[in-house]
Amino acid sequence: MELVGSPLTTMYTHPRSTPTKFLPAISTMASSYKSRFPYYPLPQSFTLPWMPSSYYKTAAINPTLAPFSKSSQGLTPSKMLPFASKRTTLFTRYTPDDWYMSSLTNYKESETSRHNAERLRADTSRMIQDKYHQTKKTQVESTKKLGERVNDIEFWKSELCRELDEMIGETKALTDTKERLERALAETEPPLQVAQECLLHREKRMGIDLVHDNVEKQLFTEVDVIRSCQERMQQYLDKAKAQLASNRMAQHELERDLVNKQAAHRIDDKCHHLRNTSDGISYYQGVERVDATISVPESWAKFTDDNILRSQSERAASAKLRDNVENLLVVTANEMWRQFNGVNVAFTNRIAETADAKNKIQTHLAKTLQEIFQIEMNIEAIRKAIRDKGPPLKVAQTRLDERTRRPNVELCRDTAQLRLVNEVHEIGETIQSLQQRLRDAEDTLQKLVRAKSVLEHDLAIKANSLFIDQEKCMGMRKTFPSTARLVGYI
């Protein structure tokens, strides 16, 4: 008999013998029924080995006959056969009915075994088909679920990418706005220094011009306005820096979530495209009992949704802050320009007032100088008039003195004597009046000189104030930043 599964070299080396039976022995088939695969999948391959050793075995049957009686126990067959052959009457153990019944029983058992085997084969074939379809259906469902999972990941990945792009754009816009705010804040320093220098220069005014006028009030207001603008700009600059930190934090969360989604998408997409014929598939014993998950679909979706909502919230806050910064830049620029113009108008008015006062002082000074000249001429005339009264007085007094030498009765108080006496008194009174007028003229001259000195001093003060306001202060205020600089565009 040829053994099934014998090596090919054996078949070619030894001639094939003619089989006497078409089916193997019952014991051989029975032994093959006992070799079943376990239900639990084994790590080794399901394919049969090249030389099977557990399917077919050669049966060895050594039948023995029971002794006919107790007296024949222990006798060898060579001693019993001659005894049986010499007997005239044979002792039979079974009857023909028993023989037929035994055959029928064997037939029935054979038919039952075959029926059970056929049913088992049919059930097995049906179970194999059912399990094949069930396994295929399960695998299709798993593949479908993986595909749905890949679609979900792609959806959230696209949402993350869109939100990340918008967040990056918003962060860039806020960074540009912050830089504009920093430039605008730096541009407020020169006007503040100009206003403070104007106040310092105006402290160098002299005398009565050192007054707390409208220009000084406007300059103090300008300093307060610029410092108030600087404080508000600094506050919004700190807010912008904090908002940028929040934006970068939200962006970092989005990027990390996106990286995780990309890795998960790559893994799940690979799993989705795995087939029974794919390379790289293998057994991983007990992997189904390992639960390394840390989230459920609801918490998984909520995590990404929370990241997106947080990013949208930060983005909305950033956009609102940018609008506030834009409004602040416009408002502060208008406030500083308005106050700058107010200070310039006050300077212009004050310069006009000072120039007008200076012109008036110059006019009065010219008139005073003219009057001083006239009074000096008058004093000189008075002095000449007093000098001119000397000879007539001398004549009259000489006449009187000569007439005192008249002898005796000739010393008459005549009309001539009276006239001479009156003449001396008149000339003396005239000289006294002229001297009094001379003193008055000299006092007036001193007042005019003092007024001239006052006017000259006041003129110098006005010239100094005019030089400070017009040349120094207004010269510096020509360099006030433009609106484009004040809003940070330049």
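The values are calculated or read from the model by the stated rules, or taken from the named source; none is laboratory data. Keep in mind it's a predicted model, so treat the numbers as computed, not measured. Ideal geometry is used to build each Cβ from the backbone, glycine not excepted, and the neighbour counts take in all protein chains shown. Please note that ligands, DNA and RNA were not included when accessible areas were found on the heavy atoms of the full protein model with its side chains. Shrake-Rupley method; radii C 1.70, N 1.55, O 1.52, S 1.80 Å.
LYS70 passes every criterion in (1) modelled with pLDDT under 55; (2) of a type outside the set (Gly, Ala, Ser); (3) closer than 30 Å to LYS302 by Cα apart from (3). When restricted to residues that are open to solvent by 20 Å² or more (accessible area, probe 1.4 Å) and closer than 20 Å to LYS472 by Cβ, the range 173-215 contains 18.
Can you find a residue that is under 30 Å from VAL487 (Cα atoms) and open to solvent by less than 60 Å² (accessible area, probe 1.4 Å) anywhere in the range 253-262?
Filtering the range 253-262 down to residues under 30 Å from VAL487 (Cα atoms) leaves none.
Checking the range 253-262: not a single residue is under 30 Å from VAL487 (Cα atoms) and open to solvent by less than 60 Å² (accessible area, probe 1.4 Å).
Can you tell me how many residues within the range 265-309 are of a type in the set (D, E, K, R), exposed (fewer than 10 other Cβ atoms within 10 Å of the Cβ) and either within 32 Å of the chain's Cα centre (by Cα) or within 24 Å of GLU159 (Cβ to Cβ) (or both)? Walk me through how you get there before you give the answer.
Pass one, the range 265-309, residues of a type in the set (D, E, K, R): 266, 268-270, 275, 279, 288-289, 291, 298, 302, 305-306.
This time we only want the ones that are exposed (fewer than 10 other Cβ atoms within 10 Å of the Cβ), so: 275, 279, 288-289, 291, 298.
Within this subset, residues satisfying the condition of being either within 32 Å of the chain's Cα centre (by Cα) or within 24 Å of GLU159 (Cβ to Cβ) (or both) are 298.
The number of residues fulfilling the criteria is 1.
Applying the criterion of being within 17 Å of ASN327 (Cβ to Cβ) and of a type in the set (Lys, Arg) to the residues of the range 225-264, the residue that is nearest to the chain's Cα centre (by Cα) is LYS239. Just one residue in the set LEU244, LEU219 is closer than 30 Å to GLU154 by Cα and either of a type outside the set (Phe, Trp, Tyr) or not in a helix (DSSP H, G or I) (or both); that residue is LEU244. Inspection of the range 436-447 finds no residue satisfying the criterion of being touching a residue at least 24 places away in the same chain (Cβ under 8 Å), of a type in the set (Asp, Glu) and farther than 25 Å from ILE372 by Cα. The combined condition, being at pLDDT 90 or above, surrounded by 12 or more Cβ atoms within 10 Å (Cβ to Cβ) and among the charged types (D, E, K, R), is fulfilled by ARG149. Cβ-Cβ contacts under 6 Å between residues 6 or more apart (or on different chains), taken from a first residue in the range 453-474 that is over 25 Å from VAL343 (Cα atoms) to a second residue that is part of a helix (DSSP H, G or I) and open to solvent by 30 Å² or more (accessible area, probe 1.4 Å), are listed as LEU455/HIS364.
Name the single residue that is nearest to the chain's Cα centre (by Cα) among those in the range 319-355 being small (Gly, Ala, Ser) and more than 23 Å from PRO190 (Cβ to Cβ).
Here is the first cut: in the range 319-355, the residues small (Gly, Ala, Ser) are 319, 333, 342, 346, 352, 355.
After this cut, where a residue has to be more than 23 Å from PRO190 (Cβ to Cβ) as well, the list is 319, 352, 355.
Numbers: ALA319: 11, ALA352: 53, ALA355: 56 Å.
Result: ALA319.
Of all residue pairs spaced 6 or more apart or on separate chains, those with beta-carbon atoms under 6 Å, a first member in the range 216-234 that is among the polar types (S, T, N, Q) and a second member that is open to solvent by less than 30 Å² (accessible area, probe 1.4 Å) and at pLDDT below 95 are GLN218/GLY342; GLN218/VAL343; GLN218/ALA346; GLN230/THR188. Cβ-Cβ distances below 8 Å connect the following pairs, each with a first residue in the range 180-206 that is under 16 Å from LEU329 (Cβ atoms) and in contact (Cβ under 8 Å) with a residue 60 or more places away in the chain, a second residue that is β-branched (Val, Ile, Thr) and surrounded by fewer than 14 Cβ atoms within 10 Å (Cβ to Cβ), and a separation of six or more residues or different chains: ARG183/ILE490. What number of residues within the range 126-139 satisfy the criterion of being open to solvent by less than 100 Å² (accessible area, probe 1.4 Å) and within 12 Å of ASN276 (Cβ to Cβ)? Counting residues in the range 126-139 that are open to solvent by less than 100 Å² (accessible area, probe 1.4 Å) and within 12 Å of ASN276 (Cβ to Cβ) gives 2.
Going through the range 221-252 one residue at a time, which ones are more than 22 Å from ALA319 (Cβ to Cβ), open to solvent by 20 Å² or more (accessible area, probe 1.4 Å) and not aliphatic (A, V, I, L, M)? Answer for the range 221-252, where residues must be more than 22 Å from ALA319 (Cβ to Cβ), open to solvent by 20 Å² or more (accessible area, probe 1.4 Å) and not aliphatic (A, V, I, L, M): THR221, ASP224, ARG227, SER228, GLN230, GLU231. Of all residues in the range 364-420, those being of a type in the set (Val, Ile, Thr), over 30 Å from ASP458 (Cα atoms) and open to solvent by less than 80 Å² (accessible area, probe 1.4 Å) number 4. Among residues of the range 414-429 that are within 14 Å of GLU402 (Cβ to Cβ) and aliphatic (A, V, I, L, M), those with a Cβ under 8 angstrom from a residue that is assigned to a helix (DSSP H, G or I) and open to solvent by 50 Å² or more (accessible area, probe 1.4 Å), sequence gap 6+ or separate chain, pair up as LEU420/ARG399; VAL424/GLN397. Among the conditions (1) closer than 30 Å to MET336 by Cβ; (2) in contact (Cβ under 8 Å) with a residue 12 or more places away in the chain, ASN307 misses just one, which is (1).
What's the total number of residues in the range 320-372 that are among the acidic types (Asp, Glu), touching a helix residue (DSSP H, G or I) at 6+ places or on another chain (Cβ under 9 Å) and over 30 Å from THR175 (Cβ atoms)?
Restricting attention to the range 320-372, the residues satisfying the condition of being among the acidic types (Asp, Glu) are 323, 326, 335, 353, 356, 371.
Among the residues that remain, those that are also touching a helix residue (DSSP H, G or I) at 6+ places or on another chain (Cβ under 9 Å) are: 326, 335, 371.
Imposing the further condition that a residue be over 30 Å from THR175 (Cβ atoms) reduces the set to 371.
Count: 1.
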